[in-house]
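The values are calculated or read from the model by the stated rules, or taken from the named source; none is laboratory data. All values reported here derive from a predicted model rather than from experimental measurement. Note that each Cβ is placed from the backbone with ideal geometry, even for glycine, and that neighbours are counted across all protein chains shown.
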Amino acid sequence: MWPFKKKTVQPDKSPITFTTIICIPGIWNTWDEFILSIVASTNGEYFAVGNILMNAKKERYYTLEFCEHDDRMQESFKYAGMVTRVTDNFLDQIGSHKHVIYISGQTGNLEEAGHIAFAAEAILKAGGVGIKVETTGKAFEKERWCSMLESYEESNFYEMFVVDSIINANGSVYSCGMQNLGYKDTIISGEEFQTAVGLIKIFGYYQIVDKPTIQNEETFSTGIDSAKYRITEEFNQPNKGHEQFENPFGMWRLTKE
């Protein structure tokens with residue numbers, strides 16, 4: 001199972017960083033109301049000063065943008081929530097939001113992805129209705145995001161930050177969002193859709209859980225008797241040039257041998 005060549009574990013930190021942006025519509029009437037709510041709901045663990053959300057204990061700081069009600073928000077969550085199957089009742093709640101908070105901060109590795117995920121949860125508990133990872137295009141109901149952090153494992157970040165079922169014009173299937181975690185995204189051409197999605201998912205979890213050093217032209221398989229795929233660098237990313245979706249770490253292409 002996995003690539004056939006023995007790998008060494010890569011460092012957790014990467015010299016490349018990425019700015020993750022998360023959108024949280026909420027029920028706050030004013031900015032001052034949010035400031036009081038975030039302190040009260042987290043027992044002072046998080047607090048906002050100016051446009052900065054702070055966690056002094058963990059020494060983490062995030063930029064906040066407090067925006068007015070957005071009539072486009074419900075439709076945006078409907079599209080981004082297709083993969084996570086958000087409910088109509090949830091979308092109605094999104095449509096009734098009063099203000100929107102955008103939280104952004106540097107990630108590009110699993111540790112920092114975890115910190116911003118918990119910071120976003122704090123905002124949810126302070127009056128947020130739902131969550132959309134802008135740098136992935138994936139939305140969640142409040143309870144689902146919080147439950148994935150209650151049973152905290154690094155592997156949960158794949159579901160939280162990655163979409164693995166996007167199809168481009170030529171029928172290739174690819175992922176988006178691995179840049180939030182510090183890894184390359186993956187693209188596959190010429191495979192049946194569900195097969196491609198399953199392979200991308202397994203390959204993504206493999207990177208997060210096993211943390212291998214993957215080299216260009218190595219091979220990958222999901223099992224001893226399964227098909228082998230050649231791993232190569234893909235330089236023409238489908239999201240190339242997109243500020244939020246282009247992956248600065250790059251992209252892998254898996255090609256069946």
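Hey, VAL100 hits all of (1) in contact with a Gly (Cβ under 8 Å, 6 or more places away or on another chain); (2) in a helix (DSSP H, G or I) but one; which does it fall short on?
Checking VAL100 against (1) in contact with a Gly (Cβ under 8 Å, 6 or more places away or on another chain); (2) in a helix (DSSP H, G or I), the one that fails is (2).
Is there any pair linking a residue in the stretch 229-257 that is exposed (fewer than 13 other Cβ atoms within 10 Å of the Cβ) to one that is among the acidic types (Asp, Glu) and in a loop (DSSP other than H, G, I, E, B), with Cβ under 8 Å and at least six apart or on different chains, and which?
LYS240/GLU246
Touching a residue at least 12 places away in the same chain (Cβ under 8 Å) and over 15 Å from the mean Cα position of the chain (by Cα), is that true of THR219?
Numbers: touching a residue at least 12 places away in the same chain (Cβ under 8 Å): yes; over 15 Å from the mean Cα position of the chain (by Cα): yes.
When the stated conditions are applied, THR219 passes them.
Run down GLU153, GLU141 and say which single residue is buried (at least 22 other Cβ atoms within 10 Å of the Cβ), over 26 Å from LYS240 (Cα atoms) and more than 14 Å from the chain's Cα centre (by Cα).
Working: GLU153 fails: buried (at least 22 other Cβ atoms within 10 Å of the Cβ).
The match here is GLU141.
Here is a check on your reading of the model: is ALA117 part of a helix (DSSP H, G or I), at pLDDT 95 or above and closer than 29 Å to PHE249 by Cβ? Outline the logic, then answer.
Details: part of a helix (DSSP H, G or I): yes; at pLDDT 95 or above: yes; closer than 29 Å to PHE249 by Cβ: yes.
Against the criterion (part of a helix (DSSP H, G or I), at pLDDT 95 or above and closer than 29 Å to PHE249 by Cβ), ALA117 qualifies.
Can you pull out every residue in the stretch 182-241 that is farther than 22 Å from GLU159 by Cβ and part of a strand (DSSP E or B)?
THR219, TYR229, ARG230, ILE231, THR232, GLU233
From the list SER189, SER151, SER147, pick out the single residue that is modelled with pLDDT of 95 or more, out of contact with any helix residue (DSSP H, G or I) (no Cβ under 9 Å at 6 or more places or on another chain) and over 20 Å from TYR79 (Cα atoms).
Numbers: SER189 fails: out of contact with any helix residue (DSSP H, G or I) (no Cβ under 9 Å at 6 or more places or on another chain); SER151 fails: modelled with pLDDT of 95 or more.
Just a single option satisfies the conditions, and that option is SER147.
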